[in-house]
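Have a look at the structure below, then the notes.
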Amino acid sequence: MILIDPEKCTGCGTCVPYCTVGAIEVEDGLAIVDPHRCTDCYVCIRNQVCPSKAMGPGPLETFYDVFRHVLSDPTETTADTGVPGRGTEEAKTNDVTGRFGKNEAGFAIDMGRPGVGVRMKDVETVAKAVIKAGLKLEDAAHSPLGKVLDITTGEMDPGIKDHYLLSIIIEGKCPLEKMRDVLKALREVEDKIDTVFSVGLILRTDENGYNPYLSVLEEFGIKPIRGKVNVGLGRPLVP
Ligand code: SF4
Ligand code: SF4
């Protein structure tokens with residue numbers, strides 16, 4: 001958690017709107033950081049928003065503290081945890097990895113974005129729902145979530161459940177026939193959590209950019225936006 005030096009803080013409030021998750025308040029002329037809300041994203045200190053230099057990073061004492069910080073600060077290296085960012089590598093490099101096959105649907109469920117943040121126990125709730133619906137999650141070698149969650153059950157490591165992160169991605173894939181079940185599970189679970197999520201769907205298309213399963217989205221009232229198109233210029237490791 002960010003620490004405020006009470007000797008230096010003037011209570012000016014400059015830092016308040018910079019906090020990505022609304023964790024700072026000014027009370028009785030002093031900035032107060034909510035320890036249960038601060039993600040250790042370091043936006044406030046990285047941008048040196050405090051004119052009095054009263055803000056500084058608190059200690060990251062446990063693996064879970066480091067995990068929270070690394071997942072919330074995009075400028076951080078992954079050396080401490082060995083986790084590769086928030087977990088989008090597979091979707092972006094399918095040309096080379098061939099991770100998503102022709103008869104599979106990939107999901108990247110971006111928890112806490114945009115701009116809200118996420119309590120890890122809410123990640124557990126969503127992970128359990130989609131696993132039950134047939135989504136096979138990426139393992140710890142490919143997704144940071146696998147470091148703190150049993151990918152076969154969705155059970156979360158108790159040590160991380162109450163931590164608040166800026167965002168984390170639940171990433172996995174399922175046979176195309178299960179895509180409808182996963183979307184249904186997401187619709188059902190969205191009212192049971194106290195945050196937002198966006199869903200990235202990864203589908204392989206024919207040469208005309210078509211996949212018949214795109215029409216499944218219409219059943220859920222979802223108009224797809226093609227955010228990223230992987231055009232197939234890489235050299236596949238997997239045919
Ligand atoms: S910007 Fe600095 S001095 Fe002003 S309220 Fe925040 S911590 Fe205190
Ligand atoms: S580190 Fe991030 S979450 Fe914590 S007080 Fe600063 S901006 Fe807010």
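For this structure, a couple of remarks:
- Lys-Lys pairs in region 89-219 that are eight or more residues apart or on separate chains and whose Cα atoms lie under 12 Å of each other come to 8.
- Look at where the Cα atoms of region 17-81 and of region 152-223 average out, and the two centres are 29 Å apart.
- Here the relative contact order of region 1-71, from alpha carbon pairs under 8 Å that lie six or more residues apart, stands at 39 percent.
- Residue-averaged 222 nm ellipticity for the chain, from DSSP H runs of 4+ at -39500 (n - 2.57), nearest 500: -5500 deg cm²/dmol
- Computed Rg/Rh of region 2-59, alpha carbon atoms with Kirkwood Rh: 0.89
- Of the DSSP H helices in the chain, not one has a Cα length along its own long axis of 20 Å or more together with a mean Kyte-Doolittle hydropathy reaching -0.5.
- Per-peptide packing, taken as the mean over residues of other Cβ atoms within 10 Å, places 110-122, 162-174 in the sequence 162-174, 110-122 from highest down.
- Sites matching GluC sites (Glu not before Pro) across region 16-78 that sit in DSSP coil, with at most 13 neighbouring C-beta atoms within 10 Å: E61
- Separation of the S52 and T125 label points, Cα + 7 Å toward Cβ, nm: 3.8 nm
- Gain on full extension, evaluated as 0.36 nm per residue between V116 and D191 minus their Cα-Cα distance, stands at 25.4 nm.
- Amide N of region 205-222 lying under 19 Å from the label point, which is placed 7 angstrom from the Cα of L233 along Cα→Cβ: 205, 207-209
- Overall size of region 89-219 from C-alpha positions, given as principal axis extents largest first: 46, 32, 27 Å.
- Averaging 1/r over each pair of different alpha-carbon atoms in the chain and inverting the result gives 19.3 Å, the Kirkwood hydrodynamic radius.
- Residues in region 174-192 reached by a label modelled at L214 [backbone nitrogen below 18 Å; 7 Å Cα→Cβ]: 176-177, 179-180
Quick note: the coordinates plus some simple rules give every number you see, no bench work behind them. Bear in mind that the values here come from a model prediction, so they are computed numbers and not experimental data. So basically every Cβ, Gly included, is an ideal-geometry build from the backbone, and we count neighbours across all protein chains shown.
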